[in-house]
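A short worksheet on the structure shown next.
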Amino acid sequence: MAQREAEFGRDVIRTSTAVAAGGLLALLLSAIGLYAVVSLGVGQRTRENGIRTPLGAHPGRVVRMFFARGLVLSAIGLILGLPLSMLVMRFIDGTLNWPLAYPPVLGAAIGTVVHLGASAAGWVPALGAST
């Protein structure tokens with residue numbers, strides 16, 4: 001009996017590690033995608049930025065404009081993704097009979113990490129827009 005419990009514990013740890021690795025990979029891919037989208041926006045508006053700056057636009061405003069666009073995209077992803085992840089957690093809990101906990105603190109922590117990753121991914125091309 002103790003051996004079965006130990007095997008179950010190892011299975012849970014392996015599965016949790018695989019899910020965490022998948023989550024980190026998803027975070028990395030989403031940051032790369034957001035970087036690409038903001039970079040594309042910066043590239044498409046290069047002429048506009050080139051006209052704005054000599055006419056007196058402060059470089060900080062140009063950076064804020066593109067950075068805000070990246071944060072809005074990140075917020076939309078969080079608004080859609082967190083409730084969907086809670087539904088998936090309930091499905092896993094009902095299907096696999098694993099005791100899963102999804103406290104609000106975990107959701108806030110995940111949202112914070114995603115928001116920080118999105119901020120970093122949006123900041124770099126936004127800085128490039130001001131030069």
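The values are calculated or read from the model by the stated rules, or taken from the named source; none is laboratory data. Keep in mind that this is a model prediction, so the values were computed, not measured. Areas reflect the complete protein model, heavy atoms only, side chains present, ligands, DNA and RNA absent. Shrake-Rupley method; radii C 1.70, N 1.55, O 1.52, S 1.80 Å.
Averaged per residue, what accessible surface does the stretch 44-84 expose to a 1.4 Å probe, in Å²? Write down the numbers at each step before the final one.
Values: 2870 Å² over 41 residues.
I get 70 Å² per residue for the stretch 44-84.
By how many degrees, between 0 and 90 and to the nearest 10, does the Cα long axis of helix 2-44 differ from the longest principal axis of the chain?
Orientation of helix 2-44: about 10 degrees from the principal axis.
Between S119 and T17, what length in nm is gained on full extension when 0.36 nm per residue of separation is reduced by their alpha carbon distance? Numbers along the way, then the final one.
Numbers: separation 102, 0.36 × 102 = 36.72 nm, distance 2.60 nm.
Here the segment from S119 to T17 would lengthen by 34.1 nm.
Measure off, as a whole percent, the carbon and sulfur share of the 1.4 Å-probe accessible area of the stretch 1-111, all protein chains present. List each step's numbers first, then the result.
Working: 5850 of 8130 Å².
Within the stretch 1-111, the accessible surface is 72 percent carbon and sulfur.
Please report the equivalent ellipsoid semi-axes of the chain, computed as sqrt(5 x eigenvalue) of the Cα gyration tensor, largest first, in whole Å.
On the way: eigenvalues 371, 35, 21 Å².
With the √(5λ) rule applied to the chain, the semi-axes are 43, 13, 10 Å.
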